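Below is one structure; the comments refer to it alone.
None of the figures in this text is laboratory data; all of them are computed from the coordinates on show. Only a predicted model underlies this, so the values are computations on that prediction, with no experimental measurement involved. Methodologically, a virtual Cβ is constructed for each residue, glycine included, from the backbone with ideal geometry; neighbour enumeration extends over all protein chains shown.
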Amino acid sequence: MPAATRPYRGVFPVVPTIFHDDGTLDLEGQRRCLDFMIEAGSDGLCILANFSEQFVLTDAERDTVMDVALDHVAGRVPVIVTTTHFSSAVCAERSRRAQDKGAAMVMIMPPYHGATFRVGEAAIEAFFRRVSDAISIPIMIQDAPVAGTPLSPAFLAKLAGEIENVSYFKIEVAQAAAKLRTLLELGGKAIEGPWDGEEAITLMADLDAGATGAMTGGGYPDGIRQIVDPYFAGRRDEAMAAYARWLPLINYENRQTGLSAAKILMKQGGIIGSAALRHPLELPHPKTQAGLIEIAKSLDAAVLRWSQ
């Protein structure tokens, strides 16, 4: 089924937030980044996620990035907007605004703050119920280590079964495939979208477990499509061969460069003018950046030739 219709499926990479060297927003670079990611094969996009450096943006900048992205994409592909916040009211308002602007879905982590502020399952359920009551588009729960909140498959299945708009789950914790498999067994048809994350480092295992979407870094959606498309077409051997081919780059992003990977590659390819991260984040060592680029060149990644 096409990604533009529900259930959403396929490759929905995280869009990096583009800055000038001085740390200010580069909105023209942002538009070029979006154009590349769509033309390189993204079935959809996700903005304002952790890999978008959402945590270094002011609230006004978040609104600016969302408005620019949704206006520029203009319905070419579905866009997921991350609206995570500890406050139920703030998260609900962010989600309502995203929906009103044209978001296809919102992605939200369970409420957390720092290393110690957490709430229990009853409060988490009430949190997602309040957000769901404020909107009519799907909610993707992001199950990620950064939140530090244990979310059992049984609890996630319960949320899907009892809260109207909770229907997508991005699983990026250890042993993600096992969790996806159990979630599908317990949640059944209430699980509209079991998705893979964490830069696709466990993509093949997660696909085998039933994942129907992949939310990866934004630097090479063309490569991830080479894995996902044949898999969904029933050509698992072809998908496995593509996964083996792209795995060195996936691993390098996951273990060496992290959220800077997409911007390093886009800068090298002339798509954006600066790979700057916003301080106090810093780019990895130049030799580490060179290692990433070397692998991408060996794969003829579209990011290095799209703007030529």
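Each Cα pair under 8 Å and six or more residues apart adds its sequence gap; the mean of these over the residue count of the chain is a relative contact order of 19 percent. Just how far, in whole angstrom, is the range 214-229 from the range 138-163 if you go by their alpha carbon centroids? One Cα centre to the other: 24 Å.
Close amide H contacts of Phe19 (hydrogens built in the peptide plane, cut-off under 5 Å, sequence separation of 5 or more or a different chain): Asp26, Ala276. If R0 equals 30 Å, the separation of the Cβ atoms of Asp35 and Arg6 corresponds to a calculated FRET efficiency of about 0.75.
Our helix-only sum for the chain, with -39,500 (n - 2.57) per DSSP H run of n ≥ 4 divided by its residues, gives a mean residue ellipticity at 222 nm of -13500 deg cm²/dmol.
Using a 10 angstrom cutoff on alpha carbons, build the Gaussian network for the chain and name the most mobile of Gly234, Gly210, Gly219. Of the options given, Gly234 has the highest mean-square fluctuation. Shape class of the chain from the Cα gyration tensor (axes a ≥ b ≥ c, square roots of the eigenvalues): oblate, since a/c reaches 1.5 or more and a/b does not exceed b/c.
Per residue, the Cα convex hull of the range 105-207 amounts to 95 Å³.
Distance from the Cα centroid of the range 101-122 to that of the range 12-44 is 24 Å (rounded to whole angstrom). Shown is the FRET efficiency for Thr182 and Leu299, computed with R0 = 35 Å from the Cβ-Cβ distance and rounded to the nearest 0.05: 0.55. Note on the chain: with charges restricted to the Cβ of Lys and Arg (+1) and Asp and Glu (-1), its dipole about the Cα centre is near 240 debye. Between the amide H of Leu283 and those of Leu277, distances stay under 5 Å, these residues lying 5 or more places away or on another chain, with hydrogens modeled in the peptide plane. Close Lys pairs in the range 10-304, defined as Cα atoms under 28 Å apart and 8 or more places apart or on different chains, number 14.
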